[in-house]
1. Just checking, how many residues over region 45-84 are modelled with pLDDT of 95 or more, of a type in the set (Gly, Ala, Ser) and either assigned to a helix (DSSP H, G or I) or over 28 Å from residue 175 (Cβ atoms) (or both)?
2. Tell me, yes or no, whether region 117-126 has at least one residue that is in contact (Cβ under 8 Å) with a residue 40 or more places away in the chain, more than 24 Å from residue 236 (Cβ to Cβ), buried (at least 23 other Cβ atoms within 10 Å of the Cβ) and in the same structural domain as residue 225 (by TED's automatic domain parsing).
3. Just one of (1) touching a residue at least 40 places away in the same chain (Cβ under 8 Å); (2) of a type outside the set (Asp, Glu); (3) not in a loop (DSSP other than H, G, I, E, B) trips up residue 28, so point out which.
4. Within the group 446, 513, which residue is in contact (Cβ under 8 Å) with a residue 24 or more places away in the chain, surrounded by fewer than 19 Cβ atoms within 10 Å (Cβ to Cβ), not in a helix (DSSP H, G or I) and not charged (D, E, K, R)?
5. Take the residues in region 570-606 that are in a loop (DSSP other than H, G, I, E, B), at pLDDT 95 or above and under 38 Å from the mean Cα position of the chain (by Cα); name whichever of them is surrounded by the most Cβ atoms within 10 Å (Cβ to Cβ).
6. Of all residues in region 362-375, count the ones that are among the acidic types (Asp, Glu) and not in a helix (DSSP H, G or I).
7. Could you say which residue among 677, 696 is more than 30 Å from residue 520 (Cα to Cα), surrounded by 15 or more Cβ atoms within 10 Å (Cβ to Cβ) and not basic (Lys, Arg)?
8. Among the residues of region 325-343, which ones are in contact with a Ser or Thr (Cβ under 7 Å, 6 or more places away or on another chain) and either outside the structural domain of residue 366 (by TED's automatic domain parsing) or within 11 Å of residue 364 (Cα to Cα) (or both)?
Amino acid sequence: MAVVSYETRGDIGIIWIDNPPVNALSQALRDGIYRAINNAQGDSTKALLLICKGRTFIAGADISEFGKAPTEPAFNTVLESIEQSSKPVIAAIHGTALGGGLETALACHYRCAVSSATVGLPEVKLGLLPGAGGTQRAPRLTGVEAAIKLITSGNPIKAEAALGMKLIDHIVEGEALLEGALAYTQQLIDSNAPCICVRDLSIDPASYDPAIFDASRKLLSRQARGQMAPQCIVDCIEAAATLPFEEGLAVEQKLFMECMHSSQSAAMRHMFFAQREASKIKGLSKETAKREIKSVAVIGGGTMGGGIAMNFVNVGIPVTMLEINDEALQRGLAIVEKNYSISVKKGKLSEEKKQRCMDLISGTTNYQDLANADLVIEAVFENLAIKQQVFTTLDQVCKPGAILATNTSYQDVNAIAAVTKRPEDVIGLHFFSPANIMKLLEIVRADKTSDEVIATSMAVAKAIGKVPVLSGVCFGFIGNRMFSEYGRETQLCLIEGASAEQIDRVMEEFGMAMGPIAVSDLAGIDIGYKVREGMSDEEKGDPRSYCIADALVEQGRLGQKTGAGFYQYDPQTRARSSDPQVTALIEAQAAKYGVTRREFSDEEIRDRLLLPLINEGAKILQEGIAQRPSDIDVVYVFGYGFPVYHGGPMHYADHIGLETVYKKLSAFQQQTGEDYWQPAQLIKTLAESGSSFARWAKDQG
């Protein structure tokens with residue numbers, strides 16, 4: 001079936017695009033538009049309407065063609081044919097016009113849209129920039145400053161905002177796009193409207209401050225630290241403002257190709273597919289029934305419980321919050337109210353929306369009030385006995401078919417399910433703090449969890465805007481099991497001679513949002529201390545890996561919340577600085593455990609912290625805890641701040657080469673004699689065969 005068709009209605013030629021599901025700019029689609037435009041030049045029509053069937057306008061490039069040899073006609077050739085049309089070409093937009101879709105519309109002489117439509121240039125989120133004139137045409141309409149914000153953020157905007165920015169010319173009333181677009185096109189014909197080519201517009205030098213380019217580069221170096229695409233976008237927009245169109249387009253093409261062939265874009269495109277792949281459960285039929293979730297209960301009104309509740313009321317699902325007594329309940333509800341008030345103060349939420357959300361949360365101290373909940377999420381203290389007690393009660397009071405979920409970070413979900421008479425209804429839903437903001441949701445499948453409960457949980461995750469990843473049961477699941485390795489090496493580097501400042505700087509330069517020492521201070525050093533209180537010496541591991549943290553807690557240095565942790569914090573600004581007392585404490589602990597301190601290279605710190613993540617990830621794959629390497633990458637990018645432009649630890653391992661990873665792990669094992677440095681069997685096998693995690697995953701199917 002042809003993806004592009006042509007019909008005439010009076011003076012108007014209609015170019016229909018029909019390439020489901022999202023009208024992606026495939027080779028067939030490009031060729032169809034090119035032929036339709038050129039063929040229409042010889043007919044009796046006076047204007048051409050470009051419109052799409054299905055649920056959306058052209059939603060963007062066909063990402064499956066990325067990295068492949070280009071095929072004719074080139075996208076820019078298609079856009080030139082539109083611009084050179086002797087008859088006005090009008091884009092009629094509904095759904096989304098993103099990336100190449102918006103670039104197509106910008107090449108048209110006029111643009112109209114229904115009010116529900118959204119437009120944008122999101123290429124930066126794939127480590128790219130608009131490569132078909134988007135950086136050259138957009139600023140000619142919006143102005144320089146607005147174009148920088150639009151394209152470097154990559155965020156779509158609604159039709160009303162696009163009209164204000166002159167990206168579109170007319171909003172069609174209602175949702176009857178064809179009729180409204182035909183009427184608008186007829187108006188243009190009746191008024192003898194000229195063909196307005198955006199490329200021929202000039203940017204008035206008086207309309208912007210030349211300093212905006214350097215100011216934007218500095219801002220983006222902080223906001224998108226280490227990423228090349230945002231910087232390249234600013235370069236392109238500067239070219240649009242200062243060079244003729246063709247020269248600016250040449251700059252855009254050059255920088256687009258540099259981004260396209262960069263490891264950063266490869267990593268970000270990997271994450272694009274990885275996020276979508278993570279929602280697919282191997283062996284789970286698409287026909288698996290899903291339970292209806294119309295009401296939710298959350299047990300525990302602390303910071304985590306309150307954040308979890310907010311996810312559901314934000315999408316209109318009522319929540320009952322249970323606490324041990326009225327005082328704790330009121331404190332929990334106050335936490336939620338405070339969070340919403342902060343959003344209102346920042347202008348991210350209206351007072352009316354806040355009130356609607358608060359009205360959907362009710363509180364109770366009585367388990368019987370949870371009897372009709374469709375989903376119950378336990379978010380109490382990380383103690384197995386306490387959690388088992390909660391689930392014993394839930395088993396007695398909750399209706400048949402209710403999903404019973406634990407938000408545990410570490411505990412055995414099988415042991416929790418075992419105290420109920422319905423283990424098939426028990427699942428782990430591990431939210432990350434702050435739960436109302438963090439995107440990741442680890443969905444932990446216990447031995448007896450039913451397919452129906454898994455399918456429902458995945459659907460619920462998507463409904464509340466989370467990125468779900470399935471994990472099997474083990475201590476710490478995927479994320480925290482790996483993070484414990486990262487944390488161990490952080491503390492060992494510290495006691496062995498690296499400074500907190502050096503460790504944090506190295507990892508921040510790698511691209512982490514915060515270094516591991518700063519993260520520990522932000523989260524609270526006492527969290528790990530409390531967890532270790534319930535562990536045996538064997539479970540705690542090497543005392544050198546936690547003795548400094550424990551000593552700080554015992555001195556009352558809990559992190560930012562007490563104004564002192566590994567760092568000292570300014571009471572007003574919270575700016576951190578080193579503290580000689582901490583240096584003395586570290587040196588004392590090193591002496592106590594017979595550690596000879598030495599200097600560290602930045603490379604060694606980076607290897608010491610990243611290689612254990614990769615090694616533990618490989619073990620998780622061997623054991624079947626994670627479905628695929630890319631799932632682990634999703635966990636680390638969305639839950640632990642791993643830089644998206646490195647693509648997650650497993651993709652990063654493939655990038656540097658598993659042979660290199662294997663050699664470095666083996667070298668650390670020989671140097672230290674520690675078993676935990678022994679390379680995972682999967683790494684050894686893949687390194688020796690010259691393979692990669694990606695190829696292994698493909699072979700697994």
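1. 1
2. If we filter region 117-126 for residues that are in contact (Cβ under 8 Å) with a residue 40 or more places away in the chain, which is where we start, we get 117-119, 122-126.
Checking which are more than 24 Å from residue 236 (Cβ to Cβ) leaves us with 117.
Filter once more, so that each one left must be buried (at least 23 other Cβ atoms within 10 Å of the Cβ): 117.
From what is left, the residues that are in the same structural domain as residue 225 (by TED's automatic domain parsing) are 117.
Yes - at least one qualifying residue is present in region 117-126.
3. (1)
4. From the options 446, 513, the qualifying one is 513.
5. Ranking the qualifying residues of region 570-606, first place goes to 600.
6. Residues of region 362-375 that are among the acidic types (Asp, Glu), as a first pass: 369, 374.
This time we only want the ones that are not in a helix (DSSP H, G or I), so: 374.
Total satisfying the criteria: 1.
7. Selected residue: 696, the only one of 677, 696 that is more than 30 Å from residue 520 (Cα to Cα), surrounded by 15 or more Cβ atoms within 10 Å (Cβ to Cβ) and not basic (Lys, Arg).
8. The first filter runs over region 325-343 and keeps only residues in contact with a Ser or Thr (Cβ under 7 Å, 6 or more places away or on another chain), leaving 325-326, 329, 335.
Matches in region 325-343: 325, 326, 329.
The values are calculated or read from the model by the stated rules, or taken from the named source; none is laboratory data. Quick caveat, the model's predicted, so the values are computed rather than measured. All Cβ positions, even for glycine, are placed from backbone atoms using ideal geometry, and neighbour counts span all protein chains on display.
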